[in-house]
Amino acid sequence: MSLIRERLSVILPTYNERENILPLITQLLDLGDSYEIELLIVDDDSTDGTADFVKELAQGDQRIRLIRRIGRSGLASAIKEGLLDATGSIAAVMDGDGQHDPKDVIQAVTHLRKNKLDLVLGSRFLARSSIQGLSQRRTGGSSMANRLARFSLHKNYRQLTDYMSGCLVMDLKTCLPSVFTVDVNGFKFLYEMLAVSQGQLKVGEVALNFQARKYGRSKLDMAVLWDFLISLLHTLGLRLIPRRAISFGLVGASGILVQLSATQILMSMLGLNFTKALPYAVVIAASSNYIINNALTFRTQRLTGFSLIKGLLKFLLVASLPVLANVGLATTFYSIISPNAIEAQIAGIVVVFVWNYAASSRFVWNTP
């Protein structure tokens, strides 16, 4: 009589990992001696044939499942979708680029069951960890991010060393309630999950053998760093203000500097008076806000090409009413209350923020 093996679902989010995915799948399937393996490859419509290749593999092996996502993207949302579709009692999450060692997954599962934990993460910063695939610059950046994350999360998680890890194993029965509430627009799935669980999960760590990427390049860019900043502010603000509203607000703050600078330049270099310079400065600032929000706040719905120009026209149209209010209020403030150009403009800007956020989210980037 054969023993019933526990099912282990492994979620692999991918985007353009055609060259890396086969060795990783092969190594993971070899773990089948210990567990019943289910592989869920969640692909964000790769342009290099990753999804088609995985589909071919799945046709020959029922342990492999492909979730091909069209019209939606993002690492955190791919992980969440994979976890919600998993049929195993234990789920593991790994990067699809081959930098995580499948053997570490088994070590994490063993640690999870032996110590009756809810979640175990693979840490790059334990004494026994090996880091081959992380540059000195990224190591320093990750260390700083970990210090900030430790400060922002519940005290029950302060013993952890790698809040930015992309390698984790969880008991789905106890972790699914937290998975359901994870904000998929967040910076890192693990960080977001720890934030929403509010110290209720029993969490441990195992040393990670972090390997060098063989093919392709890292997905880390300025937008990811921006997401981390927003995640921190969102958590420190008790998650009361929507993430996108925080991001929109920070971009708006940069727009204030752009507007103030543009007004000063137009008045000093072109000789325009405040009333004539202000409308031009407001349009310049609005255009700047649009470009930055498109790149950062709404990057999963990022517009390109002709759609970018069309979106700008929509954004300016949506903002036209508050732009008029901005100009009118600032001009009135300047004329009646205080002949201070900076104070007058800030008064106008503050009034129109909520309208710009709500209206542009809906009509420009089609998000609720």
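Tabulated results
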read-out	value
Residue list for the stretch 44-95, filter: of a type outside the set (A, V, I, L, M), under 30 Å from H111 (Cβ atoms), assigned to a helix (DSSP H, G or I) and in contact with a helix residue (DSSP H, G or I) (Cβ under 9 Å, 6 or more places away or on another chain)	S77, K80
Residue within the stretch 186-198 that is of a type outside the set (D, E), in the same structural domain as S73 (by TED's automatic domain parsing) and within 20 Å of T110 (Cα to Cα) present	yes
Residue match in the stretch 22-43 (condition: free of Cβ contacts under 8 Å to residues at least 60 places away in the same chain, crowded, with 22+ Cβ neighbours inside 10 Å and not hydrophobic (A, V, I, L, M, F, W, C))	yes
Out of L250, L232, sole residue that is part of a helix (DSSP H, G or I), modelled with pLDDT under 90, touching a Ser or Thr at 6+ places or on another chain (Cβ under 8 Å) and not β-branched (V, I, T)	L232
Filter pass, R239 being on the phi > 0 side of the Ramachandran plot, at pLDDT below 90 and within 26 Å of the chain's Cα centre (by Cα)	yes
Hey, I346 among the β-branched types (V, I, T) and either within 25 Å of V224 (Cα to Cα) or modelled with pLDDT of 70 or more (or both) or not	no
Test for D97: is it of a type in the set (D, E), touching a residue at least 40 places away in the same chain (Cβ under 8 Å) and buried (at least 18 other Cβ atoms within 10 Å of the Cβ)	yes
Selection from the stretch 155-176 of residues that are surrounded by fewer than 19 Cβ atoms within 10 Å (Cβ to Cβ) and either within 20 Å of the chain's Cα centre (by Cα) or assigned to a loop (DSSP other than H, G, I, E, B) (or both)	R158, Q159, T161, L176
So A277, is it modelled with pLDDT of 85 or more, crowded, with 19+ Cβ neighbours inside 10 Å, farther than 16 Å from G249 by Cβ and not charged (D, E, K, R)	yes
Subset tally (residues that are β-branched (V, I, T) and either more than 24 Å from R302 (Cβ to Cβ) or touching a His at 6+ places or on another chain (Cβ under 9 Å) (or both)) for the stretch 52-75	2
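The values are calculated or read from the model by the stated rules, or taken from the named source; none is laboratory data. None of the values given here were measured: they were computed from a predicted structure. We place every Cβ from the backbone using ideal geometry, glycine too, and count neighbours over all the protein chains shown.
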